[in-house]
Number of protein chains: 2
Amino acid sequence: MAAWGERLAGVRGVLLDISGVLYDGGEGGGAAIAGSVEAVARLKRSRLKVRFCTNESQKSRADLVGLLRRLGFDVSEGEVTAPAPAACLILKQRGLRPHLLVHDGVRSEFDQIDTSNPNCVVIADAGEGFSYQNMNKAFQVLMELENPVLFSLGKGRYYKETSGLMLDVGPYMKALEYACGIEAEVVGKPSPEFFKSALQEMGVEAHEAIMIGDDIVGDVGGAQRYGMRALQVRTGKFRVPRPHRPGPPPAACSVYSTRRQQLERHFLSGPEGCRNVNIFCNSPEGLHRWGAETSGPECLVAYSGHSSPLLTIEPTPGFWLRQGSRAPRNWSQELQLMGPQIP
Amino acid sequence: MAAWGERLAGVRGVLLDISGVLYDGGEGGGAAIAGSVEAVARLKRSRLKVRFCTNESQKSRADLVGLLRRLGFDVSEGEVTAPAPAACLILKQRGLRPHLLVHDGVRSEFDQIDTSNPNCVVIADAGEGFSYQNMNKAFQVLMELENPVLFSLGKGRYYKETSGLMLDVGPYMKALEYACGIEAEVVGKPSPEFFKSALQEMGVEAHEAIMIGDDIVGDVGGAQRYGMRALQVRTGKFRVPRPHRPGPPPAACSVYSTRRQQLERHFLSGPEGCRNVNIFCNSPEGLHRWGAETSGPECLVAYSGHSSPLLTIEPTPGFWLRQGSRAPRNWSQELQLMGPQIP
């Protein structure tokens, strides 16, 4: 494994995801994740620039910052990059009037937007607002348009609340895409434009920045494709391998080449091998099974069975593998590992 | 255009889709489509075998047949192939206990099925039942399973009620597939097993049967891939080209080769050409844009702009093209064309 000094060389700015990294939402607003308040304070005391880069689309930035401050975080509205304000900018630039399928909590962000006689649809994490009636209305608006345009604020699959996993906006985006035979425009992570605006607001180049998040596609994959470094925390939606899974435990990992056959051989055979390994490739379209046509350095995740990463591999020569049972379990532990390298 | 005599040679059985072909659902149960009651009666008087093959999953077969009889159709429960009974058979064969996300109207079909401690999820056209809460529950059940299994009763995009277009089960299937990173098993059209059981119940081989429906993917594509002939009606969810679309009107069509370039050249250039033509290929995964890799006889639809077929092409040497403005508008007109050929 490359030393942290090498891995963080030249980093001047840190982008922090919020939900699942700083706090888990839920009853009463949610709860801070252990160690995260102190970690943010420590980052802010360092010479690193810090910005918050979220796909939160249920709350306005004002409400989100209010909640975080009540949980003890040192954060202000001007430090947050969020998809609703970014969407408003695009709507104005392109003269679009949206039909909104969004949570009431974020509706105030669209106060200055003309929503009469809509010529596009904007969906966000609407939670209970994703009723059949509301989805059907958005579908009918799109089907009436000559050139249907659908914006989705993020495309996350799900997120974690204190009560359990919750469907995010992504599945509903896919539903409307399929129903109408169209492709949505994603505003938010992993869209390159979104990272670009966050970095501009921080005054840092992509190669000088690291993204810290819990989403392998939205946070890690998106940031890496934009030329940033990225770090996946093991809190929030991250799911650790289940101990009751059949088959021998996964082998201990160190450093591997990018070669698919080699990875498969390692995991599928030998006394340390485990069964049912799929190797996924983090492509611009999201995670998909790594086929023979895939090549080149990518961010990879190998799953044993369903949705439980055994390891992540970063796109550097001499990939860095983190094996489930040996990796740190939350991001303040990650930061402790990083600690000596923070300028 | 091939003569109807050639096209229907050897046909011994007719499979009829129900919604959008015999009637449009809606307030008060819906309304029969003009000419359809008489057409069914005429088919039944002929020497052809007739069976009803539906993806209806909001109603039990008993309720559906009751409604059709009230609308004047000559139909009995034993003549209907529907996905809920087919799903029950599969669940029993594989020892699966479903969590049901279905409409109350079809729940009675699952009366004999053990739904305790679920180890799979079955979704059907649940209508208003597709609330966020119900979708999230189905999602959570799947995420708790070691090997998540999702059955979808059909995968239609939408259907038409008298009040307008309505989202079908397909978009919600896609949502759960994306959220969980899995692929659903479709029970109903266009699944080959479903056509197989309908044909077995009718005692007719695939090459002796014709499917009549309004869905280019579920009815026409599915039947053709199973070796049957198929006919798309222009009622139900079928949408005719809009007169206000910019660009010159589509050219009159006769018979074409399968060659994509030739089709594109015809539609995109020349004094009769029209703009914005996409050529779609009806593959097992549904309609997708016809790429250079596509070859061989397929059922094709060319769209000018969005979702409005200009023509359909059937997979026979010397394709049969139906041009929007000249084609018959409902299936009783189709049957009148077929009329002289009915034995």
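The values are calculated or read from the model by the stated rules, or taken from the named source; none is laboratory data. The model shown is predicted, which means the values in this text are computed figures rather than measured ones. Positions of Cβ are generated from backbone atoms using ideal geometry, with glycine treated the same way; all protein chains shown enter the neighbour counts.
Would you mention how many residues in the stretch B:97-123 are within 13 Å of chain A (Cβ to nearest Cβ) and either among the charged types (D, E, K, R) or closer than 17 Å to B:Val186 by Cβ (or both)? Step through it out loud before you land on a result.
Looking only at the stretch B:97-123, we keep the residues that are within 13 Å of chain A (Cβ to nearest Cβ), and these are B:101, B:103, B:123.
Those left that are additionally either among the charged types (D, E, K, R) or closer than 17 Å to B:Val186 by Cβ (or both): B:101, B:123.
Within the stretch B:97-123, residues that are within 13 Å of chain A (Cβ to nearest Cβ) and either among the charged types (D, E, K, R) or closer than 17 Å to B:Val186 by Cβ (or both) number 2.
Please give the number of the condition B:Gly227 fails out of (1) in a loop (DSSP other than H, G, I, E, B); (2) free of Cβ contacts under 8 Å to residues at least 40 places away in the same chain; (3) assigned by TED's automatic domain parsing to the domain that holds B:Glu128.
Among (1) in a loop (DSSP other than H, G, I, E, B); (2) free of Cβ contacts under 8 Å to residues at least 40 places away in the same chain; (3) assigned by TED's automatic domain parsing to the domain that holds B:Glu128, B:Gly227 violates only (3).
Can you pull out the residues in the stretch B:102-117 that are touching a residue at least 40 places away in the same chain (Cβ under 8 Å) and under 16 Å from B:Leu150 (Cα atoms)?
Selection gives B:Val102 alone.
Every residue in the stretch B:175-201 that is over 30 Å from A:Ala184 (Cα atoms) and of a type in the set (A, V, I, L, M, F, W, C), please.
Keep residues of the stretch B:175-201 that are over 30 Å from A:Ala184 (Cα atoms), which gives B:192-201.
The answer is B:Phe194, B:Phe195, B:Ala198, B:Leu199.
Residues being within 29 Å of A:Val186 (Cα to Cα), in a helix (DSSP H, G or I) and either out of contact with any helix residue (DSSP H, G or I) (no Cβ under 7 Å at 6 or more places or on another chain) or modelled with pLDDT of 95 or more (or both): count how many of those fall in the stretch A:22-72.
Within the stretch A:22-72, residues that are within 29 Å of A:Val186 (Cα to Cα), in a helix (DSSP H, G or I) and either out of contact with any helix residue (DSSP H, G or I) (no Cβ under 7 Å at 6 or more places or on another chain) or modelled with pLDDT of 95 or more (or both) number 11.
Name the helices (runs of 4 or more DSSP H) wholly inside the stretch A:125-204 in which the number of residues that are more than 8 Å from chain B (Cβ to nearest Cβ) and under 20 Å from B:Leu142 (Cα atoms) is 2 or more. Show your work before the answer.
Numbers: elements: A:132-144, A:169-180, A:192-202.
So the answer is A:169-180.
Would you be able to tell me the number of residues in the stretch A:158-201 that are under 30 Å from B:Ile216 (Cα atoms) and under 15 Å from the mean Cα position of the chain (by Cα)? First the steps, then the outcome.
If we filter the stretch A:158-201 for residues that are under 30 Å from B:Ile216 (Cα atoms), which is where we start, we get A:169-186.
Within this subset, residues satisfying the condition of being under 15 Å from the mean Cα position of the chain (by Cα) are A:169-171, A:186.
So the answer is 4.
Considering the stretch B:28-57 alone, what residues qualify as being polar (S, T, N, Q) and either crowded, with 18+ Cβ neighbours inside 10 Å or closer than 22 Å to B:Ile216 by Cβ (or both)?
Pass one, the stretch B:28-57, residues polar (S, T, N, Q): B:36, B:46, B:54-55, B:57.
Residues satisfying the conditions are B:Ser36, B:Thr54, B:Asn55, B:Ser57.
Using the structure shown, decide if B:Leu15 is farther than 27 Å from B:Val204 by Cα, touching a Phe, Trp or Tyr at 6+ places or on another chain (Cβ under 8 Å) and part of a strand (DSSP E or B).
No.
Is it the case, given these coordinates, that B:Lys174 is touching a helix residue (DSSP H, G or I) at 6+ places or on another chain (Cβ under 7 Å) and free of Cβ contacts under 8 Å to residues at least 40 places away in the same chain?
Numbers: touching a helix residue (DSSP H, G or I) at 6+ places or on another chain (Cβ under 7 Å): yes; free of Cβ contacts under 8 Å to residues at least 40 places away in the same chain: yes.
When the stated conditions are applied, B:Lys174 passes them.
Among the numbered conditions (1) of a type outside the set (A, V, I, L, M, F, W, C); (2) closer than 19 Å to A:Pro171 by Cα; (3) more than 14 Å from chain A (Cβ to nearest Cβ), tell me where B:Arg94 comes up short.
All conditions are met except number (2).
Only residues that are touching a helix residue (DSSP H, G or I) at 6+ places or on another chain (Cβ under 9 Å) and exposed (fewer than 15 other Cβ atoms within 10 Å of the Cβ): list them for the stretch A:78-103, please.
Listed by number, the residues that qualify are A:Gly78, A:Leu89, A:Arg97.
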